[in-house]
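The values are calculated or read from the model by the stated rules, or taken from the named source; none is laboratory data. This structure is a prediction, so every number in the text was calculated from the model and none was measured. Cβ: placed from backbone, ideal geometry, glycine included. Neighbour counts: every protein chain shown. Quick note on the areas: whole protein, heavy atoms, side chains included, nothing else; ligands and nucleic acids left out. Shrake-Rupley method; radii C 1.70, N 1.55, O 1.52, S 1.80 Å.
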Amino acid sequence: RVEKVGTALMEGIGRTISEHGVEGRVTGHPSMFSVFFGPGDPKEFRDTVRHDKQLYEDICMRMIPRGVMPCPDALEPWFTCAAHTDDDVAKTLEVFEKSLGEALDAR
């Protein structure tokens, strides 16, 4: 269950990032992953210097009032668990897409 939910979130967020033309990646494992905004694939901690911290924080702060609460610190991963449902995934992806669009429009 955790793998299914986490994989759906990782793939959906990655697809949304790509559809909006933003350089970024979703990395990690289905139970614990990170969203990275920047060029290339982050392979080690030093690669986080390329991360667009402001964009990530802006997206997270737009998600929270909509009921989805990722930590606005991009160094903190997203966690999934067996309690997460397909509806949670759908809501999270919808909120992420709206928040990303708004954040990009505000730039």
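Summary table
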read-out	value
Computed [θ] at 222 nm, deg cm²/dmol, the chain (DSSP H ≥ 4; -39,500 (n - 2.57); rounded to nearest 500)	-15000 deg cm²/dmol
LYS91 paired with GLU23, simple spin-label distance in nm, labels 7 Å along Cα-to-beta-carbon	3.5
Long-range HN-HN contacts of GLY38 with modeled amide H, under 5 Å	GLY24, ARG25, ASP52
Accessible area in square angstrom per residue, region 1-84, 1.4 angstrom probe	58
Simple spin-label estimate for MET32 and ARG66 in nanometres, 7 Å along Cα-Cβ	2.7
Set of lysines near LYS98 by C-alpha distance (under 26 Å), chain-local residues within fewer than 8 positions excluded	LYS4, LYS53
The chain, accessible surface, carbon-and-sulfur percent (1.4 angstrom probe)	53
Rounded to whole Hz, the Karplus (6.51, -1.76, 1.60) HN-Hα couplings of region 90-107, x for glycine and proline	4, 5, 4, 5, 5, 5, 4, 4, 4, 5, 4, x, 5, 4, 5, 5, 7, 6
Given (i) 0.99; (ii) 1.28; (iii) 1.18, the label whose value is Cα Rg over 2.2 N^0.38 Å derived from this model	(i)
Zero-based 10 Å bins, Cα pair distances in region 58-107, whole percents	25, 54, 19, 2
Span from the region 57-101 Cα centroid across to the region 8-41 one, whole angstrom	12
Using θ = phi - 60° and Karplus 6.51 cos²θ - 1.76 cosθ + 1.60, couplings along region 30-43 (whole Hz; Gly, Pro as x)	x, 8, 7, 9, 10, 10, 10, 9, x, x, x, 9, x, 10
